[in-house]
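The values are calculated or read from the model by the stated rules, or taken from the named source; none is laboratory data. From a predicted model like this one, the values you see are computed outputs, not experimental measurements. Note: ideal-geometry Cβ built from the backbone for every residue, glycine included; neighbour counts use all protein chains shown.
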Amino acid sequence: MKTPPLLMAAALAIWAWQTGFWFFGILIALILEASRLIETRWNFSLSDFKRIADSCTIIFVIMAVYLMFSTSPSKIIFTLLQWLPISFFPLIFAQTYSVKNRIDIRVLSLVSRRQKDFGPKNPSSINISYPYIMTVVLAASIANVRTPGFYNALFILGVWALFSVRSRRLPFLFWVMIVIFAGFSGYAGHIGLHRLQVFIEDKGMDWYMNAMRGTADPFKSITAIGDIGTLKLGNRVIFRVESPDRKLENLLVREASYNRYILSNWFVTSASFKLSTPEADKQTWHISPERENSSYIKIYSYLGERKDVLKLPGGSFKVTQLPVSSLEISPFGAVRIENGPSMIGYGVYYNPDYFTDSAPDTSDLVIPKKEIPAVVKIVRQLDLGSKTNDQILETIHDFFQNNFKYSLQLENKYEEITPVSEFLLNLRSGHCEYFATSTVLLLRGIGIPARYATGYLVYEYSKLNKAYIVRESHAHAWAIAFINGKWQDIDNTPAGWPEFDTADAENSLWEVFFDFFSWMRFAFSKSKEQQGGIKNYALLLLIPLFIILARRLSFRRSVTRHRKKQAIETSTLEKRNGSGFYSIEKYMESKGFYRLTHEPLLFWTDRIKSGKQLPTEAIEALESLIHLHYRNIFGHENITNKDLQNFDAKVRLWLKTYRSVI
Amino acid sequence: MKYLLYLNYRIFYSVIRWFLLRFSKPGLFVLVGIAASAVIGIDTRQTLAYQIFTFLLSIVTISIVCSIFFRGRFSANRILPKFGTAQSPLVYRVVIENQGRQLQKGLYLFDRQKDPRPDLNSFKTIEEPYEKDRNLFDRIMKYHRWKWLIEKNQYLLPEDEYKKRPVETLIPGIGTEVKVEVVPCRRGRLTLTEMNIICPDPLGLFRTVKTIAAPDSIMILPKRYKLPSIELPGTRKHQSGGMALTESVGESEEFVSLRDYRPGDPLHRIHWRSWAKTGKPVVKEYQKEFFVRHALVLDTFTEKKQHDVFEEAVSVAASFACTVRTRESLLDLMFIGTKAYCFTSGRGLGNTSQTLELLAAVRPCTDKPFSTLPPQVFSRVHMLSGCICVLIGWDEERQAFIKKLNGLGVSLKVILIEDENMPFPDDMIKIGPGLEIIRLVTGKIQEGFSKL
């Protein structure tokens, strides 16, 4: 299949437009389309083609290596796919300017290459023009420039390509209608498909949140309160915390806080994120005004695909070294970021005395109706109403420390009361979510505004990492209370709970291995992010690849060059065989003057003449054209292109003259 | 396990065939595009490939929907020649008649061969020649065995089978001829089972197929090479068959014709005037039971890996069978198949085409040793003027056979076909003075003949 003129250039133009690679797009398009004008062709052998194909692979690998050190892993594949038209340009160039204008299948298939002895004896060859166009269009789509123009351009390109392969059975107008219908249905289809994905994502979010417990959502926290079984959390290291003075005993690092407790889950009501503006370096972000006597830590964490929530200690007011495109702050202390590198190492300045959370309101005092009896009972039992705020905190703390035990066994014996009430009144055993929720409800019970906070407890120092490491099992929940005009962390979960969670893990040999590999990955990612780190060595790594590329591209013998003479001869011959006369025959057939199979043309005209349906002069003119046509296809004399052009002109003239009478 | 593999390959093959039949090349390309864009565009937020996916899917769907409206009834009849030749164009005509009421145009024709898929028993028992050399995975999966068995049963390549042959406008009730040109890829009996009248959809991607059952077969003769003017060895010998074999040419008192001198012709038969005219000795021929008889011995004892070598040997034998002028001499084709065959052609006994038909059907002999062939040749050696031996091996048995034939005074032409990947060492091919061995390499047979 030969591509229609300028189809390749159009596809490359779309690619250049979408990706911004105008230089490469125009250059490749010019080179490939120029083949229609340039007559020079090279006689590449099979081994030459193999060499060129290998070069494409090497260019691809070079690009992959470069991207490994210059962009985040999640972007490598998509960027590589965007660059495919460049990496496979040598192959399409070789095909376009080769004498054969096709590529042996053994060039592309490694399996066929290896089957030297018992492979196919007559391997087939393919024309990669259309596959290359498809690659170019797919690469353009990956740029993800979301404008309606892309679909329009795609539609025009499709029509362009389909025009040459259309069936001649039906009228052209019918084809046009079908193509337009296909364009509209494709348009409706892609909008519908996108909406379907959005719908499924929305509906599937609850399921996803349940399945992927631990992923931070600043609007909602699904707890395991009320569940039955054993709560198990992994020991994968999630993030690392470096502290200059190494004094981070039991630091609570928060992801979000919530104010509404409904049916065992915590929610945020009426929270809107505010966009923050970075400093000139685009890496320093202010969460609240600067405070004195601040502490500093550095947190290394892996980022999710697009959005993630920062892990910050209470009272954080400034974040540095954070190369993200946007940072949003919620009034409930959650800080959301977008589009960052795969791993971030950000510095945090904080003062635990100044929380940035919004001032309390009535929602911070709400206790669900079903929990009120248990809360009132405990408040009365502890006689909290007669105590000062500090005494209240101390009493509640002692109450939980002395009467409760930490457990990951989830039980629910009494179905008539809520899990938290059961925890407070009967069971008195549970995990941190129970302690945090109960604390919040008790504080609210005596009029102290309180919220539920989720995050992690930082306590495990790793000598290997030279930093604190925080595992999945260190995920924690606690309360924040508004006492004496400021918010503060209240953690009433019995001390030593982290050891309880990781008791098995620490004895596990596997855990040591996992920790080691986790550290290796971390060290690699960290050095990649650092300026002047591994990035500088990337170029050194590329040198051998460039040497291999140069070797593959150096042709030991010269490739013979040909003029396009043969092709021209072929086209002339084709023209002779398919003489323009057939357009008359086709026209006559469309008017009902069918020529029988193998019926000589002059017999045909005699038959038409005998029917007396056409003017005699039209038939006579036709007969003279038939003689010329015979000369064209059977004549031994040198028939030039000019003769053929003259003949075609006469055919057109005949059609023009007699179209009205036939 | 073998059954599951067989079933899997069988179904997969059917699916591929269905796609090749139903989708045009652009249609197949669009399908690949749909698959690629589906993979890349799986997340509609990440890329715009889903727009390509929906556009391509909509055009394919519309193509398929449009194709269901095609109506037409046809009959078709092939006009086949008696023989075709392997790897040479076979041209025949197909007469198609439009039995419907509507004019049909823009159609084309596929001519389909017999389903080449092997049966389960063949798949289980017949090993592919290179099977033992393949890696463990290939040996377990047996895909190459399947492929090889398909190739073995396949006379037409898919390119030929699914080649678009335009049918001229079909007027209702009038037969239209279509010229079909195919290139059979191997010798044997080509069985054609059906013809497909293809109607492309308006977009040219999907096809509606009307199948017409039309079983036919044609013998495909072995591929033949153009031989140089090889002087066939030997002199005339008395034929014990007597006059029954000498009805056209020989030596008798009745003059029949003039011909070139051959060593052994008596001097008194020389026609001096013709010698003077032509400058070379010419003798008179008379009817008698003395004439030239050659043997063409074909070595069929092959190993599995020598499939190509064997095929070339058959082609070389066929080339000799065609070239030897059997009006003047006899040619005994001898080989061992399921039994010992000796077919005599020439002088009215049998003709070249019959010899070629026999060669078209010859199969490798794997159940008998080479030692079964020499006695057949030696039993006729007293009648033979010369012997052309087409061998595919050069082991001790074959060497002894050639030595003995040479020793019996039979003039010999030994053609040894070698595998291009495994030629025999030069020092092996030494048999003695006065005996020339023509070595030909597979894939370069014509080149080898040209050098002679």
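When residues of the stretch B:88-114 are filtered for being exposed (fewer than 15 other Cβ atoms within 10 Å of the Cβ) and under 24 Å from B:E311 (Cα atoms), how many remain?
So the count comes out to 3.
Kindly indicate whether B:E194 is within 14 Å of chain A (Cβ to nearest Cβ), more than 25 Å from A:V165 (Cβ to Cβ) and outside any helix (DSSP H, G or I).
Numbers: within 14 Å of chain A (Cβ to nearest Cβ): no; more than 25 Å from A:V165 (Cβ to Cβ): yes; outside any helix (DSSP H, G or I): yes.
Spelling it out, it is not the case that B:E194 is within 14 Å of chain A (Cβ to nearest Cβ), more than 25 Å from A:V165 (Cβ to Cβ) and outside any helix (DSSP H, G or I).
For the condition without any contact (Cβ under 8 Å) to a residue 12 or more places away in the chain and hydrophobic (A, V, I, L, M, F, W, C), what is the one hit in B:F137, B:F206?
Details: B:F206 fails: without any contact (Cβ under 8 Å) to a residue 12 or more places away in the chain.
After ruling out the rest, the residue left standing is B:F137.
Is it the case that the stretch B:9-21 has a residue that's within 14 Å of chain A (Cβ to nearest Cβ) and in a helix (DSSP H, G or I)?
Step one: filter the stretch B:9-21 for residues within 14 Å of chain A (Cβ to nearest Cβ), giving B:20.
Subset that is in a helix (DSSP H, G or I): B:20.
Yes, the conditions are met somewhere in the stretch B:9-21.
Per-residue answers, yes or no, for (1) surrounded by 17 or more Cβ atoms within 10 Å (Cβ to Cβ); (2) of a type in the set (F, W, Y); (3) not in a loop (DSSP other than H, G, I, E, B):
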{"residue": "A:L248", "(1), (2), (3)": "yes, no, no"}
{"residue": "A:V253", "(1), (2), (3)": "yes, no, yes"}
{"residue": "A:S257", "(1), (2), (3)": "yes, no, yes"}
{"residue": "A:W266", "(1), (2), (3)": "yes, yes, yes"}
{"residue": "A:A280", "(1), (2), (3)": "no, no, no"}
{"residue": "A:Q283", "(1), (2), (3)": "no, no, no"}
{"residue": "A:E290", "(1), (2), (3)": "no, no, no"}
{"residue": "A:N293", "(1), (2), (3)": "no, no, no"}
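I need the full set of residues from the stretch A:321-355 which are among the β-branched types (V, I, T) and assigned to a loop (DSSP other than H, G, I, E, B), in order please.
Step one: list which residues in the stretch A:321-355 are among the β-branched types (V, I, T), which gives A:324, A:329, A:335, A:337, A:344, A:348.
Result: A:V324, single match.
What residue, of B:I34, B:I64, B:I59, is touching a residue at least 12 places away in the same chain (Cβ under 8 Å), in contact with a strand residue (DSSP E or B) (Cβ under 6 Å, 6 or more places away or on another chain) and within 14 Å of chain A (Cβ to nearest Cβ)?
On the way: B:I34 fails: in contact with a strand residue (DSSP E or B) (Cβ under 6 Å, 6 or more places away or on another chain); B:I59 fails: in contact with a strand residue (DSSP E or B) (Cβ under 6 Å, 6 or more places away or on another chain).
Every option except B:I64 fails the conditions.
Of the conditions (1) under 35 Å from the mean Cα position of the chain (by Cα); (2) closer than 26 Å to A:R471 by Cα, A:S295 satisfies every one except a single condition; which number is it?
If we test A:S295 against (1) under 35 Å from the mean Cα position of the chain (by Cα); (2) closer than 26 Å to A:R471 by Cα, just (1) comes out false.
Take B:P184 and tell me if it is part of a loop (DSSP other than H, G, I, E, B), in contact with a Phe, Trp or Tyr (Cβ under 7 Å, 6 or more places away or on another chain) and at the interface with another protein chain (Cβ under 8 Å from one of its Cβ atoms).
Numbers: part of a loop (DSSP other than H, G, I, E, B): yes; in contact with a Phe, Trp or Tyr (Cβ under 7 Å, 6 or more places away or on another chain): yes; at the interface with another protein chain (Cβ under 8 Å from one of its Cβ atoms): no.
Taking the combined requirement at face value, the residue does not satisfy it.
Restricting attention to the stretch A:620-627, does a residue exist that is modelled with pLDDT under 85 and surrounded by 15 or more Cβ atoms within 10 Å (Cβ to Cβ)?
Scanning the stretch A:620-627 turns up no residue that is modelled with pLDDT under 85 and surrounded by 15 or more Cβ atoms within 10 Å (Cβ to Cβ).
Enumerate the pairs (first residue in the stretch A:240-267 and farther than 20 Å from A:P449 by Cα; second residue anywhere and part of a loop (DSSP other than H, G, I, E, B) and polar (S, T, N, Q)) with beta-carbon separation below 8 Å, excluding pairs fewer than 6 apart on the same chain, so at least 6 apart or on different chains.
A:R240/A:N465
Identify, by number, the condition in (1) crowded, with 16+ Cβ neighbours inside 10 Å; (2) at pLDDT below 60 that A:R552 doesn't meet.
(2)
State which residue is farthest from A:A29 (Cα to Cα) when the search covers only the stretch A:159-181 and only residues that are touching a residue at least 24 places away in the same chain (Cβ under 8 Å) and at the interface with chain B (Cβ under 9 Å from one of its Cβ atoms).
Initially, the stretch A:159-181 is screened for residues touching a residue at least 24 places away in the same chain (Cβ under 8 Å), giving A:159-161, A:163-165.
Those left that are additionally at the interface with chain B (Cβ under 9 Å from one of its Cβ atoms): A:161, A:164-165.
On the way: A:A161: 16, A:S164: 20, A:V165: 23 Å.
Only one residue fits best here, namely A:V165.
Looking at this structure, is A:I200 assigned to a helix (DSSP H, G or I) and either in contact (Cβ under 8 Å) with a residue 40 or more places away in the chain or facing another protein chain (nearest Cβ under 10 Å) (or both)? Give the derivation first.
Numbers: assigned to a helix (DSSP H, G or I): yes; either in contact (Cβ under 8 Å) with a residue 40 or more places away in the chain or facing another protein chain (nearest Cβ under 10 Å) (or both): no.
No; evaluated as a whole, the condition is false for this residue.
Restricting attention to helices (runs of 4 or more DSSP H) lying wholly within the stretch A:1-119, give those where 2 or more residues are over 30 Å from A:P341 (Cα atoms) and at pLDDT below 90.
On the way: elements: A:7-19, A:22-33, A:46-70, A:73-82, A:84-87, A:89-96, A:105-108, A:110-114.
Because the criterion is at least 2 residues that are over 30 Å from A:P341 (Cα atoms) and at pLDDT below 90, the helices (runs of 4 or more DSSP H) in the stretch A:1-119 that meet it are A:46-70, A:105-108, A:110-114.
For the stretch A:255-310, which positions are of a type in the set (A, V, I, L, M, F, W, C) and within 23 Å of A:E242 (Cα to Cα)?
Start the filter on the stretch A:255-310 by keeping residues that are of a type in the set (A, V, I, L, M, F, W, C), which leaves A:256, A:262-263, A:266-268, A:271, A:273, A:275, A:280, A:285, A:287, A:297, A:299, A:303, A:309-310.
Hits for the stretch A:255-310 are A:A256, A:W285, A:I287, A:I297, A:I299, A:L303, A:V309, A:L310.
Quick test of your reading of the structure: B:D43 fulfils all but one of (1) part of a helix (DSSP H, G or I); (2) surrounded by fewer than 17 Cβ atoms within 10 Å (Cβ to Cβ). Name the failing condition by number.
(1)
Name the residue, out of A:L138, A:L154, that is touching a Phe, Trp or Tyr at 6+ places or on another chain (Cβ under 9 Å), within 7 Å of another protein chain (Cβ to nearest Cβ) and touching a residue at least 40 places away in the same chain (Cβ under 8 Å).
Numbers: A:L138 fails: touching a Phe, Trp or Tyr at 6+ places or on another chain (Cβ under 9 Å).
On inspection, the qualifying residue turns out to be A:L154.
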